[in-house]
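After the structure tokens below, expect a handful of questions from me.
The values are calculated or read from the model by the stated rules, or taken from the named source; none is laboratory data. Only a predicted model underlies this, so the values are computations on that prediction, with no experimental measurement involved. Because the Cβ atoms are built from the backbone with ideal geometry, glycine has one as well, and the counts that use them run over all protein chains shown. SASA here: full protein model, heavy atoms, side chains in, ligands and nucleic acids out. Shrake-Rupley method; radii C 1.70, N 1.55, O 1.52, S 1.80 Å.
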Amino acid sequence: MCGIVGYIGSQQAQPILLDGLKRLEYRGYDSAGIAVLDGGAISVRKCAGRIDKLRQMTDASPLRGTIGIGHTRWATHGEPTDLNAHPHTDVKGDIAIVHNGIIENHAALRRHLEKQGCVFVSQTDTEVAAHLIHTLYKGDMMKALQEAIRMLSGSYALAVLCENEPDVLYCVRLGSPLVVGVGQGEMFLASDIPAILPHTRDVVILEDREIAVLRRDSVDIFDDLGNRKTPAALHVSWDAAAAEKGGYAHFMLKEIFEQPDAVANTLTAYVGVDGFKEMLPGLPSRVDFIACGTAYHSGMAGAYYFAELAQTEAAAHIASEYRYKTLFPHPGQEVVAISQSGETADTLAALRKAQEMGADTAALTNTLGSTLERTVGKSLLTYAGPEIAVASTKAYITQVETLLLMAVDLGLRKGALSQERADELLNGLSALPEKMSRVLENQTYLQQYCDRHLHEKLMFFIGRGMDASLAMEAALKLKEISYLPCEAYAAGELKHGAIALISEGTPVIALCTRENLLEKTLSNLRETKARGAETICVCPERFAQQARREADIVWTVPDTDEMLLPLLVMLPMQLLAYHMAVAQGRDVDKPRNLAKSVTVE
Ligand code: G6P
């Protein structure tokens, strides 16, 4: 959602804060601000708009000081205006805070504080927290924050500057991530690791209800009762370059091109010379995946893998639905939460519900140390490296790959899959990165297609079985970054309603990875062509001849095992979305209304 940064040390804080915000801009980008404390006084610069606008402001009127906080916002309470931008202060400006998350009891607290004489200038829930902490502050910020934790409900990550305590930076979290970067004579704070990577790779990840007290030379962690805890520092392997564009026009394009390496790294992480490292423990009788957005689509693909390779009943659920559903526990059931960030609020809540129900839980995430990773007994990582573009690409591909590996591992242990078939799949996977690179080498045909179809009003993606899940992901990619309305349909379902939307020239893209379903899907394509559609078939080379008899256009990928084809056919779909967004002049990495990580319900 929003991004938080903080700094305390001997360098000027402003450039470090602005640089950190720039790295976090993908988390939210409708307004931004910083507060710096110097000579016993806090000064704030903030505005609606992107970090570059804030930078113009601070260039014109810089803030001096070696301790400060900053924020980039994705509006939830109150529109993105100058006044609603963070940091927020109390009436006198004695303290300044930045906040991620949602304070659910903000309205009641606001009424209570107004009665005490607090005057509010913004519509945000954050300003309520600023006034509250100021009211509770009686010369000891630790005590004020402990008290605030008891009074605030909802989710938050807060960083606090206090004029009376000019050498300390405070922060606290509940349900929204915060990490402290440990430097030499300086400390960094951020809501996400990439913001601090240029400075340090030693981080302390805060737990819920922990208060961190940052001084130049120390970081002290306390629980909400004031008991000191021992900070456990973690060394992250990502380096700063991994979170930079490295010559690509956009993070999304860079991340698309990183996929062959991401697949190779994920494979080596789980499959050594003597077989699988532990994946899912035990032999679950049923597996439920819970996730949001793109991760939900990978869960759908995972459900097919589990059924087909491990003969295990499996289903994917939208986390925001699952959390409010009547559930029936199954003996031996495993619930696996899938999330790139490991911080998505709905996914975490759905996971807690599964845990309350008594299910065994596991996580599949790209983020070591994330809340999700630390909430479950068994966590599996994807080795995609930091994903910055809002539209997920390499995280999705490595999720699908890991789910395939989990299914193969379970299938082998259950006796549902022969060693010979497992070896075929693993050998196919080893050869896949090279085939992926071949698909990525040639994008001209997609660029040309997008230039020609720039003004399209509607596009369809169809497929059957596993391919229906791929169609949904392909449509989501295109919607997210080009804003082109798209429909994704199980191919056989089209004629039961949505086919009414097809008119002369409407593009219909069929994803075909399964031989036994090819003829069926092609005949659905034929139905749309009869209604004027321009039909495209995306398939392996071995289906091309048959596909050309039906489709106007055929886009092929190299042949490989049909179980691995999803990892190949998704690449031209990602590039299609990318080039369409570029052709339309969209902001590819930061599409409107979206945020990379949604830490509110
Ligand atoms: C947001 C992003 C999506 C992402 C979803 C789930 O909506 O815009 O791209 O798929 O969150 O994120 P997660 O980090 O849980 O995978």
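When the residues of the range 558-598 are narrowed to those that are crowded, with 19+ Cβ neighbours inside 10 Å and polar (S, T, N, Q), which ends up farthest from MET252 (Cα to Cα)?
Looking at the filtered set, the residue picked out is THR560.
Just the residues that are under 17 Å from LEU458 (Cβ atoms) and touching a Lys or Arg at 6+ places or on another chain (Cβ under 8 Å), please, taken from the range 492-503.
Once the filter is applied, which keeps residues that are under 17 Å from LEU458 (Cβ atoms) and touching a Lys or Arg at 6+ places or on another chain (Cβ under 8 Å), the range 492-503 yields ILE499, ILE502, SER503.
With the checklist (1) part of a strand (DSSP E or B); (2) open to solvent by less than 10 Å² (accessible area, probe 1.4 Å) in hand, flag the one item TRP555 doesn't pass.
So the condition that TRP555 fails would be (2).
Considering LEU327, LEU267, which residue is open to solvent by 10 Å² or more (accessible area, probe 1.4 Å), farther than 27 Å from THR393 by Cβ and in contact with a helix residue (DSSP H, G or I) (Cβ under 8 Å, 6 or more places away or on another chain)?
That would be LEU327, the only listed residue that is open to solvent by 10 Å² or more (accessible area, probe 1.4 Å), farther than 27 Å from THR393 by Cβ and in contact with a helix residue (DSSP H, G or I) (Cβ under 8 Å, 6 or more places away or on another chain).
Also, I was wondering about something else. Of all residues in the range 270-288, which are open to solvent by less than 40 Å² (accessible area, probe 1.4 Å), more than 14 Å from LEU412 (Cα to Cα) and in contact with a Ser or Thr (Cβ under 9 Å, 6 or more places away or on another chain)?
Answer for the range 270-288, where residues must be open to solvent by less than 40 Å² (accessible area, probe 1.4 Å), more than 14 Å from LEU412 (Cα to Cα) and in contact with a Ser or Thr (Cβ under 9 Å, 6 or more places away or on another chain): TYR270, VAL287.
Taking the range 479-524 on its own, how many of its residues are of a type in the set (A, V, I, L, M), in contact (Cβ under 8 Å) with a residue 60 or more places away in the chain and within 16 Å of the ligand (Cβ to nearest atom)?
Qualifying residue count, the range 479-524: 1.
Are any residues in the range 389-409 open to solvent by less than 10 Å² (accessible area, probe 1.4 Å) and away from the ligand (no atom under 11 Å from the Cβ), and if so, which ones?
The answer is LYS394, ILE397, THR398, VAL400, GLU401, THR402, LEU403, LEU404, LEU405, MET406, ALA407, VAL408.
Given the condition in the same structural domain as PHE306 (by TED's automatic domain parsing), away from the ligand (no atom under 15 Å from the Cβ) and either out of contact with any helix residue (DSSP H, G or I) (no Cβ under 7 Å at 6 or more places or on another chain) or of a type in the set (D, E, K, R) (or both), answer yes or no: does some residue in the range 448-455 qualify?
Checked against the condition, which is being in the same structural domain as PHE306 (by TED's automatic domain parsing), away from the ligand (no atom under 15 Å from the Cβ) and either out of contact with any helix residue (DSSP H, G or I) (no Cβ under 7 Å at 6 or more places or on another chain) or of a type in the set (D, E, K, R) (or both), the range 448-455 yields no hits at all.
OK, next. Quick one: LYS92 ticks every box in (1) open to solvent by 40 Å² or more (accessible area, probe 1.4 Å); (2) at pLDDT 95 or above; (3) not aliphatic (A, V, I, L, M) bar one, so which box is it?
With respect to (1) open to solvent by 40 Å² or more (accessible area, probe 1.4 Å); (2) at pLDDT 95 or above; (3) not aliphatic (A, V, I, L, M), LYS92 is out only on (2).
Given the conditions (1) within 34 Å of the chain's Cα centre (by Cα); (2) within 29 Å of LYS495 (Cβ to Cβ); (3) open to solvent by 10 Å² or more (accessible area, probe 1.4 Å), report the number of the one that CYS537 does not fulfil.
Going through the list (1) within 34 Å of the chain's Cα centre (by Cα); (2) within 29 Å of LYS495 (Cβ to Cβ); (3) open to solvent by 10 Å² or more (accessible area, probe 1.4 Å), CYS537 breaks only (3).
Just for the range 304-315: of the residues that are open to solvent by 10 Å² or more (accessible area, probe 1.4 Å) and in contact (Cβ under 8 Å) with a residue 60 or more places away in the chain, which one is nearest to the ligand (Cβ to nearest atom)?
That would be TYR304.
Name the residue that is nearest to the ligand (Cβ to nearest atom), counting only residues in the range 271-299 that are in a strand (DSSP E or B) and of a type in the set (A, V, I, L, M, F, W, C).
Only one residue fits best here, namely ALA291.
Considering each residue of the range 157-179, count those that are outside any strand (DSSP E or B), aliphatic (A, V, I, L, M) and either over 22 Å from ARG374 (Cβ atoms) or open to solvent by 10 Å² or more (accessible area, probe 1.4 Å) (or both), and give that number.
Of the residues in that region, 1 qualify.
Separate question: Within the range 580-601, count every residue that is near the ligand (Cβ under 10 Å from one of its atoms) and at pLDDT 85 or above.
Looking only at that region, the number is 3.
Checking the condition buried (at least 20 other Cβ atoms within 10 Å of the Cβ), within 29 Å of LEU518 (Cβ to Cβ), of a type outside the set (S, T, N, Q) and within 16 Å of the ligand (Cβ to nearest atom), which residue from LEU470, LEU432 passes?
Going through LEU470, LEU432 in turn, the sole match is LEU470.
Could you list, in sequence order, all residues of the range 38-79 that are under 30 Å from GLU104 (Cα atoms), aliphatic (A, V, I, L, M) and in contact (Cβ under 8 Å) with a residue 40 or more places away in the chain?
ILE42, VAL44, ILE67, ILE69, ALA75
Could you tell me whether LEU234 is in contact (Cβ under 8 Å) with a residue 40 or more places away in the chain and assigned to a strand (DSSP E or B)?
Considered against the rule, which asks whether it is in contact (Cβ under 8 Å) with a residue 40 or more places away in the chain and assigned to a strand (DSSP E or B), LEU234 comes out as yes.
Can you tell me which residues in the range 356-374 are within 14 Å of the ligand (Cβ to nearest atom), without any contact (Cβ under 8 Å) to a residue 60 or more places away in the chain and in a helix (DSSP H, G or I)?
Of everything in the range 356-374, those that are within 14 Å of the ligand (Cβ to nearest atom), without any contact (Cβ under 8 Å) to a residue 60 or more places away in the chain and in a helix (DSSP H, G or I) turn out to be LEU372, GLU373.
Just to be sure before I move on: is ALA319 open to solvent by less than 50 Å² (accessible area, probe 1.4 Å) and out of contact with any strand residue (DSSP E or B) (no Cβ under 6 Å at 6 or more places or on another chain) in the structure I sent?
No, not satisfied.
For residues in the range 331-355 being among the aliphatic types (A, V, I, L, M) and in a helix (DSSP H, G or I), which is farthest from the ligand (Cβ to nearest atom)?
ALA354
Residues are listed down the side, and each one gets a yes or a no for (1) under 13 Å from MET459 (Cα atoms); (2) part of a helix (DSSP H, G or I); (3) not assigned by TED's automatic domain parsing to the domain that holds ALA471:
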| residue | (1), (2), (3) |
| --- | --- |
| ALA510 | yes, no, no |
| THR513 | no, no, no |
| SER523 | no, yes, no |
| ARG526 | no, yes, no |
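Determine if the range 119-133 includes at least one residue that is out of contact with any strand residue (DSSP E or B) (no Cβ under 7 Å at 6 or more places or on another chain), more than 19 Å from LYS46 (Cβ to Cβ) and buried (at least 24 other Cβ atoms within 10 Å of the Cβ).
There is at least one residue in the range 119-133 that is out of contact with any strand residue (DSSP E or B) (no Cβ under 7 Å at 6 or more places or on another chain), more than 19 Å from LYS46 (Cβ to Cβ) and buried (at least 24 other Cβ atoms within 10 Å of the Cβ).
Another question, if that's okay. Taking the conditions exactly as written (in a helix (DSSP H, G or I), free of Cβ contacts under 8 Å to residues at least 24 places away in the same chain, assigned by TED's automatic domain parsing to the domain that holds GLY70 and open to solvent by less than 40 Å² (accessible area, probe 1.4 Å)), does ALA144 satisfy them or not?
Taking the combined requirement at face value, the residue satisfies it.
What tally of residues in the range 347-383 results from selecting those that are within 12 Å of the chain's Cα centre (by Cα) and open to solvent by 10 Å² or more (accessible area, probe 1.4 Å)?
1
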